[in-house]
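Comments concern the structure below.
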Amino acid sequence: LLCHATPRPWLEHGKKIEVRNAGTLFGPLSFRVDSEASAGTIRAQVQVPPRFKDGEIRLRLRHPKEQPVRELKDIVGGEARIDGEVIVIRPSSASVSLAAQY
């Protein structure tokens with residue numbers, strides 16, 4: 001579960017969150033979230049840990065104005081679906097990127 005308790009102000013327009021090589025049971029994980037909230041988009045990129053197989057990564061993107069995710073676009077490297085504020089990602093490659101539309 002990534003960004004589960006992220007304060008909403010951290011995802012205001014123009015801000016980013018970046019984590020590099022965080023230790024997990026599956027190996028190092030990196031991710032980056034870039035906010036274009038004023039334009040209705042928050043983008044995310046996840047570098048999947050090398051030993052991660054057949055599971056889901058949950059990414060919570062809390063819009064600063066409490067808007068719901070309406071659509072996912074530009075999904076590369078896997079499949080994704082919306083579950084409230086959480087985006088459920090099923091990676092099919094070592095890197096996944098997507099854009100959440102609000």
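The values are calculated or read from the model by the stated rules, or taken from the named source; none is laboratory data. Bear in mind that the values here come from a model prediction, so they are computed numbers and not experimental data. Here Cβ is always computed from backbone atoms with ideal geometry, including for glycine, and neighbour counts include all displayed protein chains. The protein model used for the area step is the full one, side chains on, heavy atoms only, and it has no ligands, DNA or RNA in it. Shrake-Rupley method; radii C 1.70, N 1.55, O 1.52, S 1.80 Å.
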Inset, instruction - Report the label-to-label distance for ASP34 and LYS53 in nanometres (one decimal), using points 7 Å from each Cα along the Cα→Cβ vector. - result: 3.4
Inset, instruction - Summarise the long-distance tail of P(r) for the chain by giving the % of C-alpha pairs beyond 18 Å. - result: 40
Legend entry - Low-density loop cleavage sites - GluC sites (Glu not before Pro) in the stretch 18-102, where at most 13 other Cβ are within 10 Å (DSSP): GLU66
Inset, instruction - Counting only heavy atoms of the protein chains, get the accessible area per residue of the chain (1.4 Å probe) and round it to a whole Å² value. - result: 58
Inset, instruction - Report, ordered by chain and residue number, the lysines lying within cross-link reach of LYS15, taken as a straight Cα distance under 16 Å and ignoring same-chain residues fewer than 8 apart. - result: LYS65
